[in-house]
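The values are calculated or read from the model by the stated rules, or taken from the named source; none is laboratory data. All values derive from a computational prediction rather than experimental measurement. Cβ atoms come from the backbone with ideal geometry, glycine included; neighbour counts cover every protein chain shown.
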Amino acid sequence: MTTVPARERGLYHGWKVVIALFLAGMMVYGCGLYSFTLFITPLTAEFGWSRAATSGLVSAFWLAAPLTLAGDPIIRRFGGFRMIAAGVVIASLTLIAIGTCKSLIMLYALRLVMGVGKVLMACGVSILAAQWFSRSYGMAIATCYAGWHFGGLTMVPLTQMLIDHVGWRTTAMILGGAISAVTLPLLWLWTRVPSPAERGEIPEIGGRLPLSVDTPRAGAAPALGTVMAQPIVWWSMGVTMLGAVAYGAIITNEAALVDELAALRGLGHGLGAGAVSLTAVTALIGALVFGWAADRFPPLLLSTVDLLLMIAGAMGFVLVARGGGPLVIDLSAIAFGLAVGGFEPVVVPHMKKCLPQQWFGHAYGTWYLGYLGVLFAAPIALGWLHDVTGSYLTALECALVPVLLAFVPAVLAARVKALV
């Protein structure tokens, strides 16, 4: 009988990989999404563009969604380090270039290219973490996702300060340079080894592999129809695509929404950045809590809690649009942030548990394609409704409807044993 070797002293290398991935997400997502939402107000003021156009600049980040289908083949061919590092460099260079732009079309093009960088980073993070963790994958991937929201917590106040002092253009260039400077050193140091097998280690144990143990080999990815036929995949697609309408619409417009209402009521400057920062810190907490819970509780229960938090946050912002004050803004940002943080950790770990290892990358890419498609369309729709009606109230009320409909696949999933 083969005995499992004792753990080597020191931190398991997989957690070093997670630290590097945490930093990658912190910079690419923190600067590329959270910080970029603060550019909406100065862009509107400088160019006189509509709110739909400027909101579209934020959501154009997701136009690279079809690339998610190639995530698994890319990482098989080039490895996680090259894939994630390429995404980081692309995001860095395009954000620097955005600081020089004066054309709406060019800004959209650069945001699309920046989205390519984000997709490469995000797909690489999820698949690479899956190669290092099995039993604790929920906590590991949640820690990686927490980095995205930690980026919002740390980069949003810095971004607002820079915009106030040096303008949005110089701010974009500074943030672009910071993405590569902060991220690449630890990626190079800790993620070049693609899996525990390459180090001769057992996942999550850290001991040396016995000579009699064969290292697993990646199998061929299944056909798309085979992937979509799995209950965990259609449940994931249904819940996240409907729930992501409010997620995408609000996260993109949160700063502009709060600043607009604050200006109308004379509540002062900077409340929008404060609300985004509060959303980011609670999203970080939500990611860690839901990631911990994903290793212990069924996905149907967790998705129900997450959707209820999303509804509470969206309804809170409706109350803000109807006249709610700073306390309502803060409570709405907290509920919304917890829901945002839990979105991926609720779904992705259970997808990994319910599918064969060689299927996970393909299934994740398929799910992420639909998810990003909604995140692209929802902010533009909300911005257009704002331009048509003159306020965010109708748009926020419309965003609530799909979240309520997300309970339909959740109820249908109650019949699937793996989800309850």
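Among the residues of this structure, Trp168 does not count as one that is assigned to a helix (DSSP H, G or I), modelled with pLDDT under 90, crowded, with 19+ Cβ neighbours inside 10 Å and not acidic (Asp, Glu).
Quick check on Ala335: is it assigned to a helix (DSSP H, G or I), of a type in the set (Gly, Ala, Ser) and surrounded by fewer than 24 Cβ atoms within 10 Å (Cβ to Cβ)? For Ala335, the condition - assigned to a helix (DSSP H, G or I), of a type in the set (Gly, Ala, Ser) and surrounded by fewer than 24 Cβ atoms within 10 Å (Cβ to Cβ) - is met. Residue-level analysis places Gly324 among those that are over 17 Å from the mean Cα position of the chain (by Cα), under 16 Å from Leu400 (Cβ atoms) and at pLDDT below 90. The sole residue among Leu175, Leu162, Leu128, Leu120 that is within 25 Å of Thr44 (Cα to Cα) and in contact (Cβ under 8 Å) with a residue 40 or more places away in the chain is Leu175.
Restricting Leu257, Leu264, Leu186 to residues that are at pLDDT 65 or above, surrounded by fewer than 13 Cβ atoms within 10 Å (Cβ to Cβ) and under 24 Å from Thr159 (Cα atoms) narrows the list to Leu264. For the residues Val18, Val89, the requirement of being part of a helix (DSSP H, G or I), at pLDDT 85 or above and either of a type in the set (Lys, Arg) or surrounded by 22 or more Cβ atoms within 10 Å (Cβ to Cβ) (or both) singles out Val18. Of all residues in segment 31-79, those that are aliphatic (A, V, I, L, M), under 30 Å from His362 (Cα atoms) and in a helix (DSSP H, G or I) total 10.
Among the residues that make up segment 262-272, is at least one of them in a helix (DSSP H, G or I), closer than 15 Å to Thr41 by Cα and in contact (Cβ under 8 Å) with a residue 12 or more places away in the chain? Yes; the residues of segment 262-272 include at least one that is in a helix (DSSP H, G or I), closer than 15 Å to Thr41 by Cα and in contact (Cβ under 8 Å) with a residue 12 or more places away in the chain. Could you grab me the full set of residues in segment 92-117 that are buried (at least 24 other Cβ atoms within 10 Å of the Cβ) and either under 15 Å from the mean Cα position of the chain (by Cα) or basic (Lys, Arg) (or both)? Listed by number, the residues that qualify are Arg111, Met114, Gly115, Gly117. Determine if segment 52-64 includes at least one residue that is modelled with pLDDT under 85, closer than 24 Å to Gly373 by Cβ and surrounded by fewer than 20 Cβ atoms within 10 Å (Cβ to Cβ). Looking through segment 52-64, at least one residue is modelled with pLDDT under 85, closer than 24 Å to Gly373 by Cβ and surrounded by fewer than 20 Cβ atoms within 10 Å (Cβ to Cβ).
The rows are residues; the columns are (1) among the small types (Gly, Ala, Ser); (2) under 18 Å from Ala399 (Cα atoms); (3) crowded, with 24+ Cβ neighbours inside 10 Å; (4) without any contact (Cβ under 8 Å) to a residue 12 or more places away in the chain.
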| residue | (1), (2), (3), (4) |
| --- | --- |
| Thr240 | no, yes, yes, no |
| Ala246 | yes, yes, yes, no |
| Val289 | no, no, no, no |
| Asp295 | no, no, no, no |
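Based on what the data block shows, is Arg208 over 26 Å from Glu344 (Cβ atoms), surrounded by 13 or more Cβ atoms within 10 Å (Cβ to Cβ) and modelled with pLDDT under 95? Yes; evaluated as a whole, the condition is true for this residue.
In segment 62-83, the residues that are under 17 Å from Trp359 (Cα atoms) reach residues that are at pLDDT below 75 with C-beta atoms within less than 7 angstrom, at least six apart or across chains, in these pairs: Asp72/Ala221; Arg76/Ala218; Gly79/Pro194; Gly80/Pro194.
Right, Leu400: over 25 Å from Val116 (Cα atoms) and not charged (D, E, K, R) or not? Yes, satisfied. Cβ separations smaller than 8 Å between residues 6+ apart or across chains give the following pairs from segment 359-370 residues that are within 7 Å of Asp72 (Cβ to Cβ) to residues that are outside any helix (DSSP H, G or I): Gly361/Ala221; His362/Ala221; His362/Pro222. Tell me which residues, restricted to segment 67-109, are hydroxyl-bearing (Ser, Thr, Tyr) and out of contact with any helix residue (DSSP H, G or I) (no Cβ under 8 Å at 6 or more places or on another chain). Within segment 67-109, Ser103 is the sole residue that qualifies.
Scanning segment 377-391 for residues that are under 28 Å from Val347 (Cβ atoms) and crowded, with 23+ Cβ neighbours inside 10 Å yields a count of 4.
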